[in-house]
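Presented below is the structure to which this report refers.
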Amino acid sequence: QVQLVESGGGLVQPGGSLRLSCAASGRILNFAAMAWHRRAPAKERELVATISGGGITSYADSVKGRFTISRPNANYAVYQQMNSLKPEDTAVYYCHLKTLGDNYWGQGTQVTVSS
């Protein structure tokens, strides 16, 4: 059973920074990528950032230049550094691990950007 555990959410003022972390445990076969998604109140889930097994990254236009996704070497873990946060970044952020045959999700961590 693969489990993903996120941490690092919280309340921050506009312009501030947060760093999200996600660690996966369990038997992982045919790893493909890890990603962060978010769901804001009354909105659809949005793909925020992705990093492949080879380290290739991609970002939603709304976070380019402000968010950075990264993975530590040789671990099924992922970080997301979030800078210059805006109120519209407020959402529950979910970690996603994708293999060739399955998708695994974390429980979500709340990020609130408010003064």
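Using a 1.4 angstrom probe, figure out how much accessible area the chain has per residue, in square angstrom, rounded to the nearest whole. Here the residues of the chain average 54 Å² of exposed surface.
What is the sum of charges around Glu46, taking Lys and Arg as +1, Asp and Glu as -1, for the other residues whose C-beta is under 9 Å from the C-beta of Glu46? Counting the neighbours of Glu46, the net charge comes to +3. Using a probe radius of 1.4 angstrom, the carbon and sulfur fraction of the accessible surface of the chain is 47%.
Each Lys or Arg adds one and each Asp or Glu subtracts one; over the other residues with Cβ under 15 Å from the Cβ of Gln107, this totals +2. In whole Å, how far is the Cα centre of the range 65-106 from that of the range 1-61? Cα centres, the range 65-106 to the range 1-61: 2 Å.
The values are calculated or read from the model by the stated rules, or taken from the named source; none is laboratory data. Note that the structure is a prediction, hence the values are computed from the model and not measured. A quick note on method: Cβ atoms are made from the backbone with ideal geometry, for glycine too, and the neighbour counts reach across all protein chains shown. Accessible surface areas use protein heavy atoms only, side chains included; no ligands, DNA or RNA. Shrake-Rupley method; radii C 1.70, N 1.55, O 1.52, S 1.80 Å.
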